[in-house]
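S.K.: Before I ask anything, let me first share the structure, which is written out below as structure tokens.
The values are calculated or read from the model by the stated rules, or taken from the named source; none is laboratory data. What you see is a predicted model; the values in this text were computed from it and never measured. All Cβ positions, even for glycine, are placed from backbone atoms using ideal geometry, and neighbour counts span all protein chains on display.
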Amino acid sequence: MTKAPKTDDERRYKAPALAKGLDILELLALERAPLSNSQMASKLGRSISELFRMVVTLEERGYIEQQTDGFVLTNKLFSLGLAQTRVRNLIETSLAEMKNLADKVGQSCHLTVCSNGQIVVVSRVENPRDLGFSVRIGYRRPLAESTSGAVLCAYHPMETKQKILAELALNADQEREFLMRILKVEQDGYAIRASDFVEGVTDISVPILENTEAVAALTVPHVQCKPELATIEGTLQAVKLAVSNIATLMNTERR
């Protein structure tokens with residue numbers, strides 16, 4: 001059946017450049033692996049030249065980034081309103097395990113992701129006790145100034161780490177210290193560090209991995225209470241178990 005010709009109003013209100021940009025974002029959001037310019041052009045039924053300027057613009061604006069094998073979405077769309085399905089699914093999948101963790105250790109816990117050189121808290125569960133310490137959803141800190149920041153950076157390819165460090169614009173001493181923390185996370189598989197901002201709080205953070213890369217970090221800001229339901233070591237083991245269960249659930253849902 002032949003399509004009816006477009007009306008003047010339809011032509012007037014079309015924004016072809018915007019449509020191409022949205023096509024690229026939607027395509028990358030659905031893909032599990034990076035896509036090159038030629039792969040995007042093929043999947044969208046367009047030429048490489050048609051997409052070139054839009055890809056450059058989206059990369060400059062921080063919506064996509066280039067990795068070794070092609071382009072992927074960044075978390076910028078999330079920062080505009082928790083719009084990414086991947087993050088929303090992560091939050092929903094993690095919630096029950098986070099509640100179990102908080103009940104078990106008597107501490108609050110929160111989930112963080114990386115966004116434009118910062119950690120962002122996307123979910124939290126309160127301490128079930130009368131007194132405790134928690135971090136609000138939406139809280140941000142530079143990656144180099146947070147325990148979970150080193151955890152998130154540790155499980156990425158070197159090229160991605162170098163890009164992150166370039167964005168952070170640290171001085172030589174700050175970069176050296178941050179790299180040492182990242183290396184320790186790579187060796188240990190977790191981070192335990194006294195909070196830089198709150199006396200008496202020890203951050204315990206473990207990465208949630210997807211295909212060997214950190215998609216989030218689960219963190220307990222451990223406050224020493226009396227009586228204590230779990231020591232720092234006991235809390236670490238509980239966080240590791242929660243992360244393992246979350247990863248299993250994520251893998252099951254993708255099948």
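S.K.: Between T235, T231, T219, which is buried (at least 20 other Cβ atoms within 10 Å of the Cβ) and more than 22 Å from the chain's Cα centre (by Cα)?
M.R.: T235
S.K.: Separate question: Taking V206, is it without any contact (Cβ under 8 Å) to a residue 60 or more places away in the chain, of a type outside the set (S, T, Y) and touching a helix residue (DSSP H, G or I) at 6+ places or on another chain (Cβ under 6 Å)?
M.R.: It is true that V206 is without any contact (Cβ under 8 Å) to a residue 60 or more places away in the chain, of a type outside the set (S, T, Y) and touching a helix residue (DSSP H, G or I) at 6+ places or on another chain (Cβ under 6 Å).
S.K.: Further question on the same structure: So, of the residues in the stretch 196-205 that are hydrophobic (A, V, I, L, M, F, W, C) and touching a Ser or Thr at 6+ places or on another chain (Cβ under 8 Å), which turns out to be surrounded by the fewest Cβ atoms within 10 Å (Cβ to Cβ)?
M.R.: This residue is V201.
S.K.: Could you please let me know if K104 is surrounded by fewer than 20 Cβ atoms within 10 Å (Cβ to Cβ), touching a helix residue (DSSP H, G or I) at 6+ places or on another chain (Cβ under 7 Å) and outside any strand (DSSP E or B)?
M.R.: Answer is yes for this residue.
S.K.: Something else: Could you check M158 against (1) surrounded by fewer than 17 Cβ atoms within 10 Å (Cβ to Cβ); (2) at pLDDT 90 or above; (3) of a type outside the set (D, E, K, R) and say which number it fails?
M.R.: Against the list (1) surrounded by fewer than 17 Cβ atoms within 10 Å (Cβ to Cβ); (2) at pLDDT 90 or above; (3) of a type outside the set (D, E, K, R), M158 comes up short only on (2).
S.K.: Related question: Can you pull out the residues in the stretch 1-41 that are among the acidic types (D, E) and at pLDDT 65 or above?
M.R.: Result: D23, E26, E31.
S.K.: Restricting to the stretch 107-134, give me the number of residues that are of a type outside the set (A, V, I, L, M) and part of a loop (DSSP other than H, G, I, E, B).
M.R.: 12
S.K.: Do you know which of the residues in the stretch 111-136 that are charged (D, E, K, R) and touching a strand residue (DSSP E or B) at 6+ places or on another chain (Cβ under 8 Å) is farthest from F197 (Cα to Cα)? Give the derivation first.
M.R.: Of the stretch 111-136, the ones charged (D, E, K, R) are 124, 126, 129-130, 136.
After this cut, where a residue has to be touching a strand residue (DSSP E or B) at 6+ places or on another chain (Cβ under 8 Å) as well, the list is 124, 136.
Working: R124: 19, R136: 15 Å.
In this case the residue turns out to be R124.
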